[in-house]
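Step one of this worksheet: look at the structure below.
The values are calculated or read from the model by the stated rules, or taken from the named source; none is laboratory data. All values derive from a computational prediction rather than experimental measurement. Positions of Cβ are generated from backbone atoms using ideal geometry, with glycine treated the same way; all protein chains shown enter the neighbour counts. For accessibility, only protein heavy atoms count, side chains too; no ligands or nucleic acids. Shrake-Rupley method; radii C 1.70, N 1.55, O 1.52, S 1.80 Å.
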Amino acid sequence: MRYAMAIDTKKCVGCSDCVVACQTENNVPIGYCRDWVVEVTDGTYPQLEIEIRSERCNHCDNSPCVRCCPTGASHYEKGGIVTVTAHKCIGCGACIASCPYDARYSHPDGHVDKCTFCLHRIEKGQQPACVAVCPTKCMYFGDLDDPNSDVSQVLKKRKHKTLIPEAGTKPQVYYLI
Amino acid sequence: MREEIIVSGRMNPHIDPHLEIWHWHIPLYLFLGGLAAGILFFAGLYFILGKENKYTGAVRRAPIVVPFLLVIGLLALFLDLRHKLFFWQLYTTIKIQSPMSWGAWTLMGITPLSIVWAALHIREFFPNWDWKFSILKDIEKFFVQYKIVLAWAMVILGVILGIYTGILFSAFNARPLWNTSILGPLFLTSGLSAGAAVIILFAQSKKERLLFAKLDLMLIGIELFLIVHMFMGFQASTQVQIDAASLFLGGSYTAPFWIFVVGIGMIVPAILEILELFHKKIPVIIPVVLVLFGSLMLRFIIAYAGQLSRWLY
Ligand code: SF4
Ligand code: SF4
């Protein structure tokens, strides 16, 4: 099993509903976020192109954050989801420094926090909160090893990319372009 | 002109607009660790070479400061942890791929070792020292017997600790400035140079002082060579590393790095040490303090500048 997400940059309107849904669902402390929206404007005026991306931890296959954690607090859950066990985390910050996407933050309680792909919802057979709430239905979540899952299907049909693959982390959040 | 503008909605404290997760604690800890490693390395080395009586400053006297350096360093590391009550989790597992983990274990070994070595030579400073309890006397006898083992352990663990202070940074591919394998040898050399400088202070004879001034001079030379190599490597690498190096080649860290680390911390003390070799009267404290200052600044500047360097996407 390999959980992954595909996000359609052509459909996303940058409304940030996913951000608010995540903050509510996961009780994210005020002023912090586990997912966020990035807008990239590219080109020569007036020929500009905008790409809007909802970003989060990429649940990398070869994740430096798990590798550098001295206690094993950062670890792989089933399906390759990368999570942090709060009561094992010493708050050394190594994993924060190791993530090329800066997807982690130091929770005001002291431990490190980040996107979990809403593991607690997946276990109940639900979609992650951001996927479930998106008004344009631009996100697809599922198991890459299952050729019939939403995410496998859409990746078969559409052109896609990952963010800075040259950083070598094998990110598992795909952007449809 | 073609332009790319990236606007992010993320504003996490200490992460945006650029990483600020490590403050003064980590560079201070790396400096003290490197310095301790340098002193222990020379103490062990000259004991193994059978020069204990010739170089008493290096073998017997300077190591007395090491337990203090290590304890202050560990305290700084502890203060840096944000989930302090769980720090013992460090010692529930060994994770070979995590420099933090094997660094913590190395310190677990080298700190008690340095305390034993300092205790064995306490009479250098307090000639009438008496351990009072017979059990302590027995322990002393036991360690005196195995001093050669202690010395070997100090040399080996000293090198590991010295390299670790650099690898802690260089293991992070996410921060292009840190992501160069030169940092391990560079920080090791800087630690050895700082260690040699402190030994000069404790040296008992002119001969010993000159030997360590020469060693220090050589180590400074190696450091300069490694720094040049580091920038050559960056310049020949990918865009993110070229950008990282530009922090020191025109960017915001240019002046602090070249003035404090290379100028005041390496070239000036090197000149003073050369003058001393030519029998000019130079108060030894000046080059020593400058070398220590340069070594400390190297850690601080690499720690802070590294957190500014990043991948853009
Ligand atoms: S995106 Fe960052 S935090 Fe997430 S798995 Fe990859 S390296 Fe770790
Ligand atoms: S901050 Fe916590 S999760 Fe991150 S590397 Fe340190 S112990 Fe592991």
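Figures for the structure shown
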read-out: Solvent-accessible ranking of A:His111, A:His59, largest area first, probe 1.4 Å; value: A:His111, A:His59
read-out: Cβ-placed point charges (K, R +1; D, E -1), dipole of the protein assembly as shown about Cα centre in debye, nearest 20; value: 1160
read-out: At least 24 Å along the helix axis (C-alpha) and Kyte average at least 0.0, DSSP helices within chain B; value: B:25-48, B:99-120, B:147-170, B:183-202, B:206-235, B:285-308
read-out: DSSP bridge orientation in the protein assembly as shown - percent antiparallel, rounded to nearest 5; value: 85
read-out: Reachable aspartates and glutamates, given that their alpha-carbon falls under 19 Å from the alpha-carbon of B:Lys132 and they are not under 8 places away in the same chain; value: B:Glu124, B:Glu140
read-out: Share of pairwise Cα separations in the range B:79-221, more than 26 Å, in percent; value: 44
read-out: Heavy-atom accessible surface that B and A bury in contact, both chains counted, 1.4 Å, Å² to 100; value: 3800
read-out: Pairs of alpha carbons in chain A whose separation is greater than 19 Å (percent); value: 57
read-out: All-pairs Cα distance distribution in the range B:19-71, expressed in whole percent, bin size 10 Å; value: 25, 40, 21, 10, 4, 0
read-out: Entries in B:Lys95/B:Lys137; A:Lys159/B:Lys95; A:Lys114/A:Lys161 that, when Cα-Cα distance is taken, lie over 30 Å; value: B:Lys95/B:Lys137; A:Lys159/B:Lys95
read-out: Residues with amide H under 5 Å from that of A:Ser74, placed H, sequence gap 5 or more; value: A:Thr85
read-out: Positive-end residue of B:Leu224, B:Ile167, B:Asn53, charge dipole of the range B:6-306 with Cβ unit charges; value: B:Asn53
read-out: A:Tyr105 long-range amide H proximity, modeled H, under 5 Å; value: A:Asp113
read-out: Contact order normalised by residue count of the range B:6-306, Cα under 8 Å, 6+ apart, percent; value: 23
read-out: For the range B:6-306: Kirkwood Rh in Å [reciprocal of mean 1/r, alpha carbons]; value: 20.4
read-out: Accessible surface of the range B:74-149, 1.4 Å probe, proportion on carbon and sulfur as whole %; value: 73
read-out: Relative contact order (%) - criterion: Cα under 8 Å, at least six apart; region: chain A; value: 32
read-out: Percent of C-alpha pairs per 5 Å bin, the range B:168-256, short to long; value: 3, 14, 19, 19, 15, 11, 8, 6, 4, 1, 0
read-out: The protein assembly as shown: calculated mean residue ellipticity at 222 nm from DSSP helix runs of at least 4, using -39500 (n - 2.57); value: -15000 deg cm²/dmol
read-out: Residues of the range B:133-174 with amide N under 18 Å of a point placed 7 Å along Cα→Cβ from B:Phe126; value: B:133-141
read-out: Percent RCO, i.e. relative contact order, over the range B:265-306, from Cα pairs under 8 Å lying at least 6 residues apart; value: 49
read-out: Accessible area expressed per residue, the range B:1-82, with surrounding protein chains retained (probe 1.4 Å, Å²); value: 43
read-out: Heavy-atom accessible area order for A:Tyr32, B:Tyr304, largest first, 1.4 Å probe; value: B:Tyr304, A:Tyr32
read-out: Inverse mean reciprocal Cα-Cα distance (Kirkwood Rh) of the protein assembly as shown, Å; value: 24.9
read-out: Accessible-area value, B:Trp152, 1.4 Å probe, nucleic acids and ligands omitted, Å²; value: 130
